Amino acid sequence: MDLLTVAFVSAFIAGFLAASMPLLVASLGETIGEQSGVLNLGIEGVMLFGGYAAFVVTLATDSFAWGLLAGAGVGILTSLFLLVLSVLLGLNQIVIGLAVTLLGGGMTSVLYFENYSKSTPRLGKGSPLAIPGLSDIPVVGDSIFSQPSIFWVVLFLAAGVWWLLTKTNFGLQIRAAGQNPNSLDASGGNVVATRAVAVLLGGFFSGLGGAYLALISTGTFTPFMTQGVGYTAIVVTMLARGRISWVVGASLVFGLSVAVGTVIQLTSINLPTDIIKMFPFVVVIVVLVLFARSAYVPPALGLPYSRGTR
Amino acid sequence: MTTTETQGIEARGPENSARPASGMGRRLAIGFIRNVLPLILAIATSGILLLAMGKSPSFFYGEVIRFGLMGSGWQRSLVMLAPLLLYGAGLIVAFRGKLWNLGYEGQYLLGGVLVVGLAPYLTQSLPLVLAFAILMLLGAMAGGAWTFIPAVLKARFGTNEIVTTLMLSFVGIGITNMLIRGPFQNPDVTVPQTQVMPLDTMFPKIPGSKIHIGIIIALIVVLIVHYVLTRTSFGLRLDVYGASPKSALHVGINAPRMVIVLFLASGALIGFAAAVDMLGLWGNMRANWNPAYGSEILPFVFLARLSVLASIPFLAFYAVLATGGALASQDVGLDSHFMLVVVALILMFMSVIEYIGMKRDLGQSYLPPGLRKALASLLTRRKARNP
């Protein structure tokens, strides 16, 4: 089989974007949270809630934009669990995170079973935001520049998060809350409020990531559809150490490893689907083994702040 | 961070978790509030959710009790309990050392698939008792081996074990499915599944019941683990390490070795649980099968305050809830994942009640300081306005 046919390359790029974009969005959210010292282990659950909400709203309104907004909104709502229980009350972030993951998986699959298990509806394709001129480029143009408009929004959001974390006063406060909350407190900042906003922003992005996965990557919602994307986002975040360029890069590498698997299935190479499904996680483990020392987390990550303790 | 500030999942034995209380009644009341109230609140809240979905909660929970306890239900629950006890002990060993082994699903499935895939050959060529012993050892070794990479990374570089165990869990699930579709595929069927073990090569039943001897094996092993954790110097060193790795260094505990030992023991117990489950109950494995016990028993090992002995009644409660719940869900037309919701609610209520208890211990206000100040200023401002 010729590896460089138009259809082939287009499928490769499309699969690559479908896998890497939701991960990128979720990782942006996780990055903001982790930089502020809050480990959101419930991201998997938040993504499922966001994906389900986006699916329901898009089915009802027939609009991808409303669906994505609903996903992001529900992401914010579900991150309230983490906000109230872990940030405000200082309860163990790992336990609460696991609880949110279980709740998200359980609730969405119960609701899906109740409402859609008989009809299993699917969504159409989002209306692409074609860039004049660029989308006429053969092969590459078709798959990159005709992506539904959210693709461009994602890149814009990544730039926005970079600007927020590195160029603004609030970004500095977020990083201080994760690095040394005592010094933030001493300099007149409010650790709890900073973390609260960071958690809500994280919820926004995680919900949006779930919505992207449901609406654009797969075009439907299925129970437990995230299949570890949320956890992968946590790994991406830890490897990136808060640098957005690394978040983008790592997400793209992950997407690439998924796309390679998908494309291999199209060729005559007979590889079991189990290997293909496993491949991205093997890549992550290999990266972790090779760069174990660079998987770094902010010193105050996971610790509730209480004034006067050290 | 002082130790009293950390939440209630750290290594605290059952004997020192209760506050100095005056009377027996008071101690019992506190134990009830801390350990049983979260269960009641979670069941009540999930009942409200059921109502919202137009199902009758009383009927649902009646069915749970009917299927989980009545008739032969208690025997089914006990069969389910056998692997859960070992599984829970595996989680407790790691959690006591503050190591988050969250890769339990991969460890369980890998142990299980090796046992169930090799069992047909071993049980035919070897005396049954010897075959069982080898298979159980094999399951334990597979589960333990799957924690090795996270353990070394954690011990050597301090790499966060949550991400490494989770990632390896997905890889373990993939390898399990490959083994089922590949070398262990039952040649007689096209469905991807392993050969079905003949009933007479599985664990014998306790005479006069449907319960296999796995529950006895599990109880013995779990009691040994409890003894090691509470009555030996290793158990003490583990608790010191879990309470503070830094002070463990000062009393001469080899921290990297401790991390590796705890991880291997944790994975081995989980793989052992899989072996007991396979040899006693299932006898074969289908591709993409994943019972995912681990996430669902998490709250119960926390409620047991990470005490292996105390985990027995809690896990028994879960076994009844899960056995009955699976059938009751079918009865009322509910997705069986509803149990996940109940479990998540237990975790949340448990954490909140633990928080309130901790604040009580310290004699502090139940409200976080920021909120209290805000409320106080609201009240005083109002007073100032209306003198």
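Considering segment B:150-160, the residues that are out of contact with any helix residue (DSSP H, G or I) (no Cβ under 6 Å at 6 or more places or on another chain) and in a helix (DSSP H, G or I) include one that is nearest to the other protein chains (Cβ to nearest Cβ), namely B:Arg156.
Report the residue count in segment B:296-307 for those that are part of a helix (DSSP H, G or I) and away from chain A (no Cβ under 12 Å).
1
Go through segment B:308-367 and count every residue that is closer than 21 Å to B:Ile92 by Cβ, within 9 Å of chain A (Cβ to nearest Cβ) and surrounded by fewer than 23 Cβ atoms within 10 Å (Cβ to Cβ). Within segment B:308-367, residues that are closer than 21 Å to B:Ile92 by Cβ, within 9 Å of chain A (Cβ to nearest Cβ) and surrounded by fewer than 23 Cβ atoms within 10 Å (Cβ to Cβ) number 1.
Residue pairs whose Cβ atoms lie under 8 Å apart, separated by 6 or more positions or on different chains, with the first residue in segment A:207-231 and polar (S, T, N, Q) and the second assigned to a loop (DSSP other than H, G, I, E, B), are A:Thr218/A:Met225; A:Thr220/A:Thr120; A:Thr220/A:Pro121; A:Thr220/A:Arg122; A:Thr220/A:Leu123.
Scanning segment B:161-172 for residues that are in contact with a Leu (Cβ under 9 Å, 6 or more places away or on another chain) and either at pLDDT 90 or above or within 8 Å of chain A (Cβ to nearest Cβ) (or both) yields B:Ile162, B:Val163, B:Thr164, B:Thr165, B:Leu166, B:Met167, B:Ser169, B:Gly172.
Residue under question is B:Leu91, and the condition is that it be surrounded by fewer than 22 Cβ atoms within 10 Å (Cβ to Cβ), outside any loop (DSSP other than H, G, I, E, B) and of a type in the set (A, V, I, L, M, F, W, C); does it hold? The answer is no for B:Leu91. The helices (runs of 4 or more DSSP H) found wholly in segment A:162-256 and carrying at least 3 residues that are in contact with a helix residue (DSSP H, G or I) (Cβ under 9 Å, 6 or more places away or on another chain) and of a type in the set (Ser, Thr, Tyr) occupy A:191-212, A:229-240. Say we look at segment B:257-307 and pick out the residues that are within 30 Å of B:Val196 (Cβ to Cβ) and of a type in the set (Val, Ile, Thr); which of these is surrounded by the fewest Cβ atoms within 10 Å (Cβ to Cβ)? Looking at residues that are within 30 Å of B:Val196 (Cβ to Cβ) and of a type in the set (Val, Ile, Thr), I get B:Ile297. Criterion first (at the interface with another protein chain (Cβ under 10 Å from one of its Cβ atoms), assigned to a helix (DSSP H, G or I) and over 22 Å from B:Lys55 (Cα atoms)) does A:Val74 satisfy it? Spelling it out, it is not the case that A:Val74 is at the interface with another protein chain (Cβ under 10 Å from one of its Cβ atoms), assigned to a helix (DSSP H, G or I) and over 22 Å from B:Lys55 (Cα atoms). Quick one: is B:Gly112 under 26 Å from A:Ile285 (Cα atoms), away from chain A (no Cβ under 14 Å) and either within 22 Å of the chain's Cα centre (by Cα) or crowded, with 23+ Cβ neighbours inside 10 Å (or both)? Yes; evaluated as a whole, the condition is true for this residue. The condition (being at pLDDT 90 or above, more than 30 Å from B:Thr176 (Cα to Cα) and either in a helix (DSSP H, G or I) or not basic (Lys, Arg) (or both)) is satisfied by just one residue among B:Leu229, B:Leu219: B:Leu229. Would you mind stating whether B:Gly144 is assigned to a helix (DSSP H, G or I), within 20 Å of the chain's Cα centre (by Cα) and not β-branched (Val, Ile, Thr)? So B:Gly144 fits the description; yes. Flag not set for A:Ser217, criterion: within 13 Å of chain B (Cβ to nearest Cβ), among the hydroxyl-bearing types (Ser, Thr, Tyr) and surrounded by 17 or more Cβ atoms within 10 Å (Cβ to Cβ). Residues satisfying the criterion are present in segment B:257-273 (criterion: within 23 Å of B:Phe157 (Cβ to Cβ), among the charged types (D, E, K, R), touching a helix residue (DSSP H, G or I) at 6+ places or on another chain (Cβ under 8 Å) and assigned to a helix (DSSP H, G or I)). Within segment A:251-287, restricting attention to residues that are out of contact with any Gly (no Cβ under 8 Å at 6 or more places or on another chain) and facing another protein chain (nearest Cβ under 9 Å), the residue that is modelled with the lowest pLDDT is A:Thr273. Within segment B:173-187, is even one residue over 30 Å from A:Pro298 (Cβ atoms), within 12 Å of another protein chain (Cβ to nearest Cβ) and of a type in the set (Ser, Thr, Tyr)? Yes, some residue in segment B:173-187 is over 30 Å from A:Pro298 (Cβ atoms), within 12 Å of another protein chain (Cβ to nearest Cβ) and of a type in the set (Ser, Thr, Tyr).
Under the condition of being on the phi < 0 side of the Ramachandran plot and not in a helix (DSSP H, G or I), the residues counted in segment B:47-69 number 4.
When residues in segment B:313-338 are screened for being farther than 22 Å from B:Gly71 by Cα and not in a loop (DSSP other than H, G, I, E, B), 1 of them pass. If the condition is being touching a helix residue (DSSP H, G or I) at 6+ places or on another chain (Cβ under 7 Å) and under 19 Å from A:Val161 (Cα atoms), then segment A:48-70 contributes only A:Leu68. Can you list residue pairs whose Cβ atoms sit under 7 Å apart, with the first residue in segment B:117-145 being surrounded by fewer than 18 Cβ atoms within 10 Å (Cβ to Cβ) and the second being hydroxyl-bearing (Ser, Thr, Tyr) and part of a helix (DSSP H, G or I)? Count only pairs 6 or more apart in sequence or on different chains. Listed by first residue and then by second, the contacts come to B:Leu128/B:Thr201.
In the condition set (1) among the β-branched types (Val, Ile, Thr); (2) touching a strand residue (DSSP E or B) at 6+ places or on another chain (Cβ under 9 Å); (3) within 12 Å of chain B (Cβ to nearest Cβ), A:Val236 is compliant with all but (2). Restricting B:Gly25, B:Gly106 to residues that are free of Cβ contacts under 8 Å to residues at least 60 places away in the same chain and part of a helix (DSSP H, G or I) narrows the list to B:Gly25.
The rows are residues; the columns are (1) touching a helix residue (DSSP H, G or I) at 6+ places or on another chain (Cβ under 6 Å); (2) at positive phi.
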| residue | (1), (2) |
| --- | --- |
| B:Gly71 | no, yes |
| B:Leu84 | yes, no |
| B:Gly88 | yes, no |
| B:Ala94 | yes, no |
| B:Lys98 | yes, yes |
| B:Leu102 | yes, no |
| B:Glu105 | yes, no |
| B:Val113 | yes, no |
| B:Ser125 | no, no |
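Among the residues of segment B:166-210, not one is in contact with a Ser or Thr (Cβ under 9 Å, 6 or more places away or on another chain), without any contact (Cβ under 8 Å) to a residue 40 or more places away in the chain and among the β-branched types (Val, Ile, Thr). Residues in segment B:303-313 that are farther than 14 Å from B:Leu229 by Cβ and modelled with pLDDT under 90: 1 in all.
The values are calculated or read from the model by the stated rules, or taken from the named source; none is laboratory data. Note that this is a predicted model, so its numbers are computed, not measured. Backbone-built Cβ (ideal geometry, glycine too); neighbour counts: all protein chains shown.
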